[in-house]
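I have placed the structure first, in the form of structure tokens, so that the comments after it can refer back to it.
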Amino acid sequence: MTLREIKTQLKTAKNISFQLPDGSLVPAHFHVTEVGKVVKDFIDCGGTVRQEKVANFQLWNADDYDHRIHPEKLLHIIELSEKTLGLEEDLNIEVEYQGATIGKYGLDYNGESFVLTTKQTDCLAKDNCGVPVYAEEKVEGLTSLPISNGGGCTPGGGCC
């Protein structure tokens with residue numbers, strides 16, 4: 001889900017709820033403690049320099065049981081973040097939420113609740129490492145930056 005998509009949902013929503021991957025709901029008295037832009041520059045195992053940009057929301061569950069965030073308040077926070085931090089509307093949203101550990105989730109909407117979706121690690125250089133690449137695979141939010149990698153991975157080359 002992108003910032004544009006969540007703003008569209010918030011404009012007509014009566015309340016906000018977040019559903020965890022196991023189907024349970026984040027307690028209704030959660031706080032959105034951060035809305036930010038995370039930029040990650042990295043080199044994959046095939047030597048390609050990449051950049052990932054996401055809008056980051058941090059949900060926090062406290063003992064403040066009287067606190068409820070309303071759709072118009074979250075919409076205001078997002079719009080202020082776009083203006084102040086230069087967030088682009090097409091950025092995908094990543095959500096941080098602490099259960100037993102801090103988890104990072106994707107975000108979707110099921111018509112009733114915002115759904116925290118599981119994220120997976122992946123090899124981004126399958127073509128260089130001899131790992132089969134399947135046409136249906138897609139990694140959102142990543143861009144490759146062109147650099148010379150000396151012809152890719154070679155056996156014993158240490159790139160994978």
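Things to note:
- Search result, residues across the stretch 36-59 that are farther than 17 Å from GLU79 by Cα, buried (at least 16 other Cβ atoms within 10 Å of the Cβ) and of a type in the set (A, V, I, L, M): LEU59
- When residues of the stretch 100-116 are limited to those that are surrounded by 14 or more Cβ atoms within 10 Å (Cβ to Cβ) and either among the hydrophobic types (A, V, I, L, M, F, W, C) or more than 17 Å from LEU74 (Cβ to Cβ) (or both), the one modelled with the lowest pLDDT: GLY103
- Residue check, TYR97 at pLDDT 95 or above and surrounded by 18 or more Cβ atoms within 10 Å (Cβ to Cβ): yes
- Filtering the stretch 74-83 for residues that are of a type outside the set (Ser, Thr, Tyr), surrounded by fewer than 11 Cβ atoms within 10 Å (Cβ to Cβ) and not in a helix (DSSP H, G or I) leaves an empty set.
- Residue check, CYS123 modelled with pLDDT of 65 or more, surrounded by 13 or more Cβ atoms within 10 Å (Cβ to Cβ) and not in a strand (DSSP E or B): yes
- Residues in the stretch 1-35 that are assigned to a strand (DSSP E or B), crowded, with 16+ Cβ neighbours inside 10 Å and within 14 Å of the chain's Cα centre (by Cα): THR2, VAL35.
- Test: residue in the stretch 50-72 that is β-branched (Val, Ile, Thr), more than 30 Å from ALA125 (Cα to Cα), assigned to a strand (DSSP E or B) and touching a helix residue (DSSP H, G or I) at 6+ places or on another chain (Cβ under 9 Å): no
The values are calculated or read from the model by the stated rules, or taken from the named source; none is laboratory data. Note that the coordinates shown come from a computational prediction; the quantities given were computed from them, not determined experimentally. In this analysis, Cβ positions are derived from the backbone assuming ideal geometry, glycine residues included, and neighbour counts consider all displayed protein chains.
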